[in-house]
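The values are calculated or read from the model by the stated rules, or taken from the named source; none is laboratory data. In this text, all values refer to a predicted model and were calculated from it rather than measured experimentally. Cβ sites come from the backbone with ideal geometry, for glycine too, and all protein chains shown count toward neighbours. When the accessible area is computed, the model is the full protein with side chains, heavy atoms only, and any ligands, DNA or RNA have been set aside. Shrake-Rupley method; radii C 1.70, N 1.55, O 1.52, S 1.80 Å.
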Amino acid sequence: MDYIAIARQIEDKGIKDIDIAMVLGSGLGFLADEVQGKNLDYSKIKGFPRPTVEGHGGKMVLSNINGKNVLFFQGRFHYYEGYSMKEVVIFPRIAKLLGGKLYLVTNAAGGINPDFKPGDLMVIEDHLNLMGTNPLIGKNYDMFGPRFPDMTEAYNPEMRKLMFEIGDKLGIELKSGVYAALTGPSYETPAEIKMLQTLGADAVGMSTVPEVIAARHSGLKVVGVSCITNLAAGVSKNPLSHEEVLETTEKVKYHFGKLILKFLETVVI
Ligand code: HPA
């Protein structure tokens, strides 16, 4: 991936000097349509990964929120779609090259913690990389960061604290927990969920972790929020479906949007 050539094209189209990049998870993309700003379709950028679902192009939107330039990515690239890890981590890499300091990730996740229910929002405290690979494998990109990046406090404690303060102010209850990433695309078996629970996971999903590794590699601060869209396999008696995931995100849209926008307004970069 020629990240520099991609970043140059994006800058030439007027998207630059960003402060924050934010990726919108499954069913949460609406936020990019609600903010005012400069839109750029991924398809307009040479070398950018091509979405696997025709007609779901994916785009970025640069919006100024309370004096901060926030770049929203609507439509992410998942490992299970067949993208390489180098493609999967394009957002944090581009964010870094465009001047970003903070990477805000969101996703849809299954709830493992028995205290969680569908519709809950979970601030990510830490993660388990169970994808069996790592986006930094291969020659190190020294321009981004070191060969062996530290992952202590991958999710920035001050940013997490601010997210909770904003949740409190808005009367939105937030959970906290560990996000485990598997490749998917099949959902987990009940035995796998039991295993994940034993390992200390509170939620499970198929994204985010590679991006966070690449973000930390390049020194971006990270903060993440998972939308618990369903109870994980075996925790729930019902079969899992993508429809349920989308139904839940539809229900929490309003709260989620309020929380994120208030966070973006308030955060000091
Ligand atoms: N498992 C994995 N990924 C998910 C889930 C789940 O239960 N829900 C939403 N994304």
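Assorted remarks:
- If you filter region 162-198 down to residues that are more than 18 Å from the chain's Cα centre (by Cα) and among the charged types (D, E, K, R), you find that the one that is nearest to residue 208 (Cα to Cα) is 188.
- For residue 181, the conditions (1) on the phi > 0 side of the Ramachandran plot; (2) open to solvent by less than 10 Å² (accessible area, probe 1.4 Å) are fulfilled apart from (1).
- Qualifying residue in region 143-161 (condition: over 19 Å from residue 102 (Cα atoms) and open to solvent by less than 80 Å² (accessible area, probe 1.4 Å)): no
- Taking region 195-204 as the range and being at negative phi and surrounded by fewer than 14 Cβ atoms within 10 Å (Cβ to Cβ) as the test, the residues that pass are 198, 199.
- When we screen 192, 243, 247, 188 for residues that are within 15 Å of the ligand (Cβ to nearest atom), crowded, with 20+ Cβ neighbours inside 10 Å, farther than 25 Å from residue 93 by Cβ and charged (D, E, K, R), the only hit is 188.
- Residue within region 205-217 that is over 17 Å from the mean Cα position of the chain (by Cα) and either within 16 Å of the ligand (Cβ to nearest atom) or surrounded by fewer than 18 Cβ atoms within 10 Å (Cβ to Cβ) (or both) present: no
- Test result for residue 231, open to solvent by 10 Å² or more (accessible area, probe 1.4 Å), within 15 Å of the ligand (Cβ to nearest atom) and under 20 Å from the mean Cα position of the chain (by Cα): yes
- Listed here are the helices (runs of 4 or more DSSP H) enclosed by region 1-95 that have at least 1 residues being without any contact (Cβ under 8 Å) to a residue 60 or more places away in the chain: 3-12, 30-34.
- Per-region count, region 211-251, residues assigned to a helix (DSSP H, G or I) and either at pLDDT 95 or above or polar (S, T, N, Q) (or both): 9
- Where residue 268 falls short, out of the listed (1) free of Cβ contacts under 8 Å to residues at least 12 places away in the same chain; (2) within 12 Å of the ligand (Cβ to nearest atom): (2)
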